[in-house]
Amino acid sequence: MTEKNHTASSHGRHVPLAAAKQLRPPAGALSSLVFEHGTMALRMYAPDHHDAQKPHTRDEIYVVASGSGVFVNGDTRHDFATGDALFVPAGVTHRFESFSADFAVWVVFYGPEGGEKLK
């Protein structure tokens, strides 16, 4: 099993928000990889004025680290604020709109490609 902290944190399983915000996405990527453990990938996403993401191939959870705005999740739209958690199943169109200048989210991708299937 792979486990790696990509920040400068001196504690392998502790990721301060400030350390995650210092990471910059690699060329062509929208978010920065922060921590990995098995199938779970923790990323930091802080778009600048426009959210250009496309549907993802794995289930994901966003936890709003700072800021507020409107979240489009499939056919629904709703306001969000710091501290909120947002779930998006694999393959669903989603985006952040009208977000504040300080907007940043933790993104947790997990599970198999195509998402977990409900019974």
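Would you check which residues across the range 89-114 are part of a loop (DSSP other than H, G, I, E, B), modelled with pLDDT of 95 or more and either on the phi > 0 side of the Ramachandran plot or among the acidic types (Asp, Glu) (or both) and list them? First the steps, then the outcome.
As a first pass, look at the range 89-114 and keep what is part of a loop (DSSP other than H, G, I, E, B): 89-93, 98-103, 111-114.
Pick out the ones that are also modelled with pLDDT of 95 or more and you get 89-93, 98-103.
Those that are part of a loop (DSSP other than H, G, I, E, B), modelled with pLDDT of 95 or more and either on the phi > 0 side of the Ramachandran plot or among the acidic types (Asp, Glu) (or both): 91, 98, 102.
Residue 91 fails exactly one of the following numbered conditions: (1) surrounded by 17 or more Cβ atoms within 10 Å (Cβ to Cβ); (2) out of contact with any strand residue (DSSP E or B) (no Cβ under 9 Å at 6 or more places or on another chain). What is the number of that condition?
(1)
Out of 85, 52, 81, which single residue is surrounded by fewer than 18 Cβ atoms within 10 Å (Cβ to Cβ), out of contact with any helix residue (DSSP H, G or I) (no Cβ under 7 Å at 6 or more places or on another chain) and at pLDDT below 95?
Result: 52 is the single residue among 85, 52, 81 that is surrounded by fewer than 18 Cβ atoms within 10 Å (Cβ to Cβ), out of contact with any helix residue (DSSP H, G or I) (no Cβ under 7 Å at 6 or more places or on another chain) and at pLDDT below 95.
Just the residues that are farther than 21 Å from residue 115 by Cβ and either buried (at least 16 other Cβ atoms within 10 Å of the Cβ) or modelled with pLDDT of 95 or more (or both), please, taken from the range 1-33.
5, 6, 7, 9, 15, 19, 20, 21, 23, 32
Restricting to the range 37-88, count the residues that are assigned to a strand (DSSP E or B), under 13 Å from the mean Cα position of the chain (by Cα), of a type outside the set (Phe, Trp, Tyr) and over 17 Å from residue 111 (Cα atoms).
Qualifying residue count, the range 37-88: 6.
Which one of these does residue 97 not meet: (1) surrounded by 15 or more Cβ atoms within 10 Å (Cβ to Cβ); (2) closer than 13 Å to residue 50 by Cα; (3) not small (Gly, Ala, Ser)?
For residue 97, the exception is condition (1).
Using beta carbons and a limit of 7 Å, which pairs, at least six apart or on different chains, have the first residue in the range 56-78 and over 21 Å from residue 41 (Cα atoms) and the second one surrounded by 14 or more Cβ atoms within 10 Å (Cβ to Cβ) and of a type in the set (Ser, Thr, Tyr)?
67/82; 68/82
Would you pick out the residues in the range 19-36 that are in a strand (DSSP E or B) and among the hydroxyl-bearing types (Ser, Thr, Tyr)? If you could, list the steps in order and put the result at the bottom.
Residues of the range 19-36 in a strand (DSSP E or B): 32-36.
If the condition is that a residue be in a strand (DSSP E or B) and among the hydroxyl-bearing types (Ser, Thr, Tyr), then 32 is the only one that fits.
The values are calculated or read from the model by the stated rules, or taken from the named source; none is laboratory data. Remember, predicted model here, so these are calculated numbers, not experimental data. A quick note on method: Cβ atoms are made from the backbone with ideal geometry, for glycine too, and the neighbour counts reach across all protein chains shown.
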